[in-house]
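The values are calculated or read from the model by the stated rules, or taken from the named source; none is laboratory data. Every value quoted in this text rests on a predicted model; they were computed, and no experiment measured them. Positions of Cβ are generated from backbone atoms using ideal geometry, with glycine treated the same way; all protein chains shown enter the neighbour counts. The area values use the complete protein model at the heavy-atom level, side chains included, leaving out ligands, DNA and RNA. Shrake-Rupley method; radii C 1.70, N 1.55, O 1.52, S 1.80 Å.
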Amino acid sequence: MKSESLPMPSSSALASADTRRALAELDATGPRFSQRLQAHFRVVRAIYLRDVQTRVAGTRFGFLLSLFQPLAHIALLLTIYYILGRAAPIGTDTTMFIATGALPFVLWLYGFRQVKTAPQTNKRLTDFPGVTLVDVLIARSIVELLSSAGVTIFTLSALALIGFDVVIFDSPKFVYALFQAYLLGVCMGIFFAIISRMFFIFLIIGSLMVPLFWVTSGTIFIPSMLPESIAYWIWFLPMSQIVDATRTAYYGHYLSDFYNGYYIAGLMLSFVTIGVIVMYVCRTKLSE
């Protein structure tokens, strides 16, 4: 007789089982700090696995579409450039000029949009005792970090394979500027994810910031080359500085003092600090 094979549990079932085990550890009487930390780590891991599965398997080509989005963004901006008859203000390759502006913007957009909407898309999970908003935000931030790395590698590799000259002058600084774009998106996403739970108007404000950042990020222009009265106000919008830093790292001959790392770091720290304070002060209402 043939023995019937037992059905293998799905990854979502395994993630749910892991979550239940982690919550059981949290509910244990008198757990040590290391045990609680390990249990929270397992909760974050379970949510992370669920987010990855939703992102990749939710729609068959959803993940591939997310990889192609920066290339579509670059193609759209190139079309606008050619229609207007404009050339790149620095360098000889208009495509790479657009790419060095579009890539950091897309990384910021992914981090900001996905972290901002994390509480809504994982609302059922936060109903479980032991699963907190912090767990959800950390898990989503990790997913977006891996996604951002994949998008960066795919975009630069695709441009090189198509035939464009992808030569980065200062690779560590280039990677750091892209990481800052991702980190700024995550920090702003955390702020708006928490504040919008209290005041719905902030969800609308957060959505309106996307076109504002797109227009002022410097994707199709050099902020330092604008009239001083305009460049002064654009300087306060952090993506314009990060895009400028990306280009100074890519082009060896482009020098600019438009970027201020202390301002960017202070802004990111402020977003996270305010969000955490609001979450602590209003924790009762946020748990409803």
Are there any helices (runs of 4 or more DSSP H) wholly within segment 160-279 with 2 or more residues that are within 17 Å of the chain's Cα centre (by Cα), and if so which?
171-198, 201-216, 238-250
Boolean, Ser147 is free of Cβ contacts under 8 Å to residues at least 60 places away in the same chain and either crowded, with 24+ Cβ neighbours inside 10 Å or not charged (D, E, K, R) (or both):
no
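Check whether at least one residue in segment 233-251 is free of Cβ contacts under 8 Å to residues at least 60 places away in the same chain, open to solvent by less than 60 Å² (accessible area, probe 1.4 Å) and of a type in the set (Gly, Ala, Ser), and report yes or no.
Yes, the conditions are met somewhere in segment 233-251.
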Residue in segment 217-231 that is modelled with the lowest pLDDT, counting only those that are surrounded by fewer than 20 Cβ atoms within 10 Å (Cβ to Cβ) and not hydrophobic (A, V, I, L, M, F, W, C)
Ser224
Matching residues in segment 165-182 (open to solvent by 90 Å² or more (accessible area, probe 1.4 Å) and under 20 Å from Thr95 (Cβ atoms)) number 2
Mind counting the residues in segment 183-204 that are under 27 Å from Tyr251 (Cβ atoms) and surrounded by fewer than 24 Cβ atoms within 10 Å (Cβ to Cβ)?
1
What's the total number of residues in segment 75-124 that are open to solvent by 30 Å² or more (accessible area, probe 1.4 Å), in contact with a helix residue (DSSP H, G or I) (Cβ under 7 Å, 6 or more places away or on another chain), among the hydrophobic types (A, V, I, L, M, F, W, C) and in a helix (DSSP H, G or I)?
0
Given (1) open to solvent by less than 70 Å² (accessible area, probe 1.4 Å); (2) within 20 Å of Pro119 (Cα to Cα), index of the condition Ser157 fails
(2)
Hey, any hits in segment 38-52 for a residue that's open to solvent by less than 70 Å² (accessible area, probe 1.4 Å), acidic (Asp, Glu), modelled with pLDDT of 70 or more and closer than 30 Å to Gly218 by Cβ?
no
Could we say that Gln69 is at pLDDT below 80, in a helix (DSSP H, G or I), farther than 21 Å from Thr216 by Cα and open to solvent by 20 Å² or more (accessible area, probe 1.4 Å) here?
no
